[in-house]
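Throughout, read-outs are computed from the coordinates displayed, never taken from laboratory work. Keep in mind it's a predicted model, so treat the numbers as computed, not measured. Cβ placement follows ideal geometry from the backbone for every residue including glycine, while neighbour counts extend to all protein chains displayed.
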Amino acid sequence: MLSLNFHHLRIFWVITQAGGLTAAAQRLNVSPSTLSTQLKELEFRVGSPLFVRENKKLSLTETGRVVRDHCEVIFRTANELTRALGRDSSERPRSIRVGSLATLSRNFQLEFLKPLLQRTDIEIELRSAPLSDLLTGLRDHTIDIVLSNLPAPHSAETGWHSTLVHQQAVSLVGRPEEGPKCLAHYQLRAVWHAASSRVEKFGAELVRQQKDRERREELAAFEKSKRSRIADVDRELVEARVLAEQLQAEQQAAEQRLASLGGFWNHFRRKRLAGEIASRGTRIDAALTQVTDLSDQRHEVETESPPAFEGLSRDGRRAVNLAVIAYADWLFEKLSGDGLAEQVRQSMLRRVYDASYGGAAECDALIRRASGALAELDRLHDDLADLKARSDRMRRTARYRGEDETVPLPDSLEASGSVLLDEYWEVYKALVR
């Protein structure tokens with residue numbers, strides 16, 4: 001679904017309150033055609049009709065009722081905001097938007113922010129996310145400060161500066177001889193979850209983009225069909241109007257002639273002419289009825305709402321899935337050095353007590369490798385050219401179990417099929433059926 005804006009929702013809200021386009025247009029001091037255009041734009045962005053037209057009245061669809069309920073909350077909140085902003089600025093609490101690393105202890109966050117939480121002149125908005133997302137928010141000024149147990153990467157381009165503000169004691173309870181193994185095991189699992197999260201987000205974004213693309217194509221085809229149908233109706237309407245005007249002109253001339261035929265000697269002429277006038281009158285009525293019907297038909301076509309979006313096409317889902325598999329394969333290559341990717345996968349298949357990573361030195365080395373992989377995943381930028389090339393290669397060889405299947409057979413993808421066979425990064429969760 002495309003992004004919505006306050007203006008379109010406001011117009012929809014007024015239409016629901018006024019009970020129709022004409023009344024809403026009067027309230028907003030605009031033309032009904034302008035409101036109709038804005039309503040179509042909102043329906044396009046929502047991806048579904050909001051009204052159905054029954055007996056020349058507008059009734060809300062199920063989607064329309066959902067949007068209306070949310071509008072009630074939105075505009076009630078907007079009114080509350082307006083009242084709040086109307087107060088003296090010295091009376092309004094200051095807002096501080098704090099971003100916190102998702103893996104940071106919640107108890108630590110609350111303890112650290114406790115002095116601010118106790119103040120009535122300050123409101124704290126706390127958001128948890130990966131470090132890369134938090135830094136993006138800091139750059140876009142949607143976050144004021146970031147709490148992290150990792151320093152932000154500093155460069156001339158970003159200009160990030162990290163300051164140590166607090167230290168927290170952490171205790172590990174367990175058998176000392178098992179400690180290094182446990183740390184290594186869960187550090188490997190952290191790599192798995194980080195890679196899986198990237199695959200899931202990548203797949204979700206692809207689905208969104210593909211839906212927008214197919215919806216635009218569907219709406220373009222709908223508008224093209226509607227213009228064609230309107231053109232056909234207009235041609236029939238012109239012909240019907242010409243015929244009606246011609247018959248009316250002939251009728252007027254015949255009536256004038258009838259009025260001029262006096263005397264008994266014109267009796268039969270008058271009788272014959274009166275019959276012609278009556279017959280032509282029936283044809284005029286039929287022609288005028290056809291004009292009215294065609295005008296109504298044109299209006300119905302012109303105001304017809306676009307169809308609801310039924311979801312991604314089969315080819316669209318296949319394209320998304322191949323791109324997701326290519327992305328998972330690309331991540332596998334990035335993490336496969338020294339067999340790390342396989343060790344990460346094995347950590348998800350075994351319990352910690354069944355794992356074996358060698359002695360303390362080997363575990364320490366593995367922890368450093370896993371930490372390096374996490375850091376690389378955090379700063380890794382998607383190579384779109386490489387991903388497209390991988391997807392194109394897979395598309396040429398991909399085979400499916402059936403006509404409607406959207407997940408390719410792993411053995412048809414050559415080397416890339418291993419990420420499906422071994423279910424790396426929980427790739428099946430990101431695929432669309």
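Results, tabulated for the structure shown:
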quantity	calculated
GluC sites (Glu not before Pro) lying in DSSP loop within the stretch 306-408, provided at most 13 other Cβ fall within 10 Å	310, 403
Charge tally in the Cβ shell below 12 Å around residue 142, where Lys, Arg are +1 and Asp, Glu are -1, residue 142 excluded	-1
Cross-link pairs 57/226; 201/429; 40/224 - those with Cα-Cα distance over 18 Å	57/226
Computed label-point distance, nm, for sites residue 213 and residue 124 using a 7 Å Cα→Cβ extension	4.5
Fewest-first ranking of 334, 271, using other Cβ atoms within 10 Å as the exposure measure	271, 334
Environment charge at residue 240 (Cβ cut-off 14 Å; Lys +1, Arg +1, Asp -1, Glu -1)	-4
Residue of 25, 78, 169 that the Gaussian network model of the chain assigns the largest fluctuation, springs spanning Cα pairs under 10 Å	169
Of the DSSP H helices in the chain, those whose Cα atoms cover at least 24 Å axially and whose Kyte score averages -1.0 or more	62-85, 179-260, 267-302, 314-335, 360-379
